[in-house]
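The values are calculated or read from the model by the stated rules, or taken from the named source; none is laboratory data. Predicted, not measured: the structure shown is a model, and the values here were computed from it. A quick note on method: Cβ atoms are made from the backbone with ideal geometry, for glycine too, and the neighbour counts reach across all protein chains shown. SASA here: full protein model, heavy atoms, side chains in, ligands and nucleic acids out. Shrake-Rupley method; radii C 1.70, N 1.55, O 1.52, S 1.80 Å.
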Amino acid sequence: MNATAAVHVELLKARRSRLPWVTAAAFTVAGTFGGLIMFILQDPRRARSLGLLGTKASLTGGTADWPAYFALLAQTVAVGGAVLFGLVVVWLFGREFGQDTVKDLLALPTARTTIVGAKFAVATVWSLLLACYLFVVGLLVGAVIGLPGWSAGVALHGLADLLLTTVLTVVLVTPFALAASAGRGYLAGVAAMIAAVFSAQVVTLLGYGRYFPWSVPALYTHLAGPDGDPPGALGFALVALVGIAGVAATAAWWRHADHDR
């Protein structure tokens with residue numbers, strides 16, 4: 001009952017916040033922009049007439065069909081999700097310190113690990129709902145611009161890739177919760193998020209992305225190109241280790257830290 005109540009409280013906080021609307025708006029823009037790229041690629045002459053935007057669109061592989069669009073949506077989650085899902089986690093944990101409600105929260109007859117678990121559960125569901133919302137946006141945009149290559153199998157495969165990419169990304173943002181908690185606010189969590197996203201880009205460019213957990217979602221979605229190295233079993237194992245360590249370390253900090261302010 002305590003766990004259910006803790007989840008309910010976290011959901012109530014999220015419902016009364018503007019952040020769900022902000023994250024949904026961000027994914028709306030991302031899905032629409034992906035559709036714009038597909039729209040440009042449908043006509044090479046139109047792409048050339050648009051100059052730089054057309055050139056950017058051609059970098060996605062030069063095809064305009066449903067499989068390419070679903071792949072682009074998954075790549076969007078692999079990169080943008082690290083920021084948006086990271087913001088969700090940082091907000092869920094950092095807000096207690098930013099709004100000075102942590103003492104009231106810890107005074108409740110609920111285990112601290114239960115509170116942490118409720119926050120991670122809400123973050124996971126929130127992120128998965130955003131991914132499903134992005135998929136729906138993609139379906140609508142793709143239908144409007146008339147993308148070819150539709151089939152139920154293609155759609156299911158695209159949804160599966162999108163959800164798996166979301167899970168990988170959500171697992172990787174768990175350490176940001178520890179940063180926001182130990183830093184007692186948003187700033188440390190955001191700093192950790194920026195450092196991870198920036199490092200992932202650099203490490204991937206150097207060719208060692210499969211050894212760096214935060215590069216794995218992008219490699220899984222072939223963001224580095226069809227000739228890029230896949231993450232492999234080691235990459236997925238590192239992602240799992242980061243997630244386990246992030247959750248365990250955050251729970252341990254909340255359980256043992258001296259909350260004197």
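Please go through the stretch 114-135 and pick out each residue that is open to solvent by 20 Å² or more (accessible area, probe 1.4 Å) and either among the hydrophobic types (A, V, I, L, M, F, W, C) or within 18 Å of Leu159 (Cβ to Cβ) (or both). Of everything in the stretch 114-135, those that are open to solvent by 20 Å² or more (accessible area, probe 1.4 Å) and either among the hydrophobic types (A, V, I, L, M, F, W, C) or within 18 Å of Leu159 (Cβ to Cβ) (or both) turn out to be Phe120, Ala121, Thr124, Val125, Trp126, Leu128, Leu129, Cys132, Tyr133, Phe135.
Of all residues in the stretch 75-113, how many are touching a residue at least 24 places away in the same chain (Cβ under 8 Å), over 16 Å from the mean Cα position of the chain (by Cα) and open to solvent by 40 Å² or more (accessible area, probe 1.4 Å)?
Keep residues of the stretch 75-113 that are touching a residue at least 24 places away in the same chain (Cβ under 8 Å), which gives 75-95, 97-98, 102-103, 106, 109-113.
Still in the running and over 16 Å from the mean Cα position of the chain (by Cα): 93-95, 97-98, 102-103, 106, 109-113.
Still in the running and open to solvent by 40 Å² or more (accessible area, probe 1.4 Å): 98, 103, 109, 111-113.
Going through the stretch 75-113 one residue at a time, the tally reaches 6.
Phe176 passes every criterion in (1) under 15 Å from Ala68 (Cβ atoms); (2) out of contact with any Pro (no Cβ under 8 Å at 6 or more places or on another chain); (3) of a type outside the set (Asp, Glu) apart from (1). On the stretch given as the stretch 152-177, residues that are more than 19 Å from Trp126 (Cα to Cα) and in contact with a helix residue (DSSP H, G or I) (Cβ under 8 Å, 6 or more places away or on another chain) total 4.
Listed conditions (1) in contact (Cβ under 8 Å) with a residue 24 or more places away in the chain; (2) open to solvent by less than 10 Å² (accessible area, probe 1.4 Å); (3) closer than 23 Å to Ala131 by Cβ are all met by His222, apart from (2).
Among the residues of the stretch 1-35, those that are under 20 Å from Val83 (Cβ atoms) and of a type in the set (A, V, I, L, M, F, W, C) comprise Ala14, Leu19, Trp21, Val22, Ala24, Ala25, Ala26, Phe27, Val29, Ala30, Phe33.
For the stretch 226-255, enumerate the residues that are part of a loop (DSSP other than H, G, I, E, B) and either within 17 Å of Val203 (Cα to Cα) or open to solvent by less than 80 Å² (accessible area, probe 1.4 Å) (or both).
Just the residues of the stretch 226-255 that are part of a loop (DSSP other than H, G, I, E, B), to begin with: 226-231.
Asp227, Gly228, Asp229, Pro230, Pro231, listed by residue number.
For the stretch 59-78, residues that are modelled with pLDDT under 90 and of a type in the set (Val, Ile, Thr) total 2.
Annotation: of all residues in the stretch 162-192 being open to solvent by less than 40 Å² (accessible area, probe 1.4 Å) and not in a helix (DSSP H, G or I), the one that is farthest from Trp214 (Cα to Cα) is Gly185. Of all the residues in the stretch 204-217, those that are at pLDDT 90 or above and either open to solvent by less than 40 Å² (accessible area, probe 1.4 Å) or in contact with a strand residue (DSSP E or B) (Cβ under 8 Å, 6 or more places away or on another chain) (or both) number 4. Each residue in the stretch 147-161 was checked for being open to solvent by 50 Å² or more (accessible area, probe 1.4 Å) and touching a residue at least 24 places away in the same chain (Cβ under 8 Å), and 3 pass.
Taken over the stretch 86-142, the criterion of being more than 19 Å from Gly243 (Cα to Cα), of a type in the set (Val, Ile, Thr) and assigned to a helix (DSSP H, G or I) is satisfied by Val102, Val136, Val137, Val141. Please go through the stretch 17-57 and pick out each residue that is modelled with pLDDT under 70 and open to solvent by 50 Å² or more (accessible area, probe 1.4 Å). Pro44, Arg46, Arg48, Ser49, Leu50, Leu52, Leu53, Thr55, Lys56, listed by residue number.
Within the stretch 144-158, how many residues turn out to be within 16 Å of Met38 (Cα to Cα) and in a loop (DSSP other than H, G, I, E, B)? Within the stretch 144-158, residues that are within 16 Å of Met38 (Cα to Cα) and in a loop (DSSP other than H, G, I, E, B) number 5.
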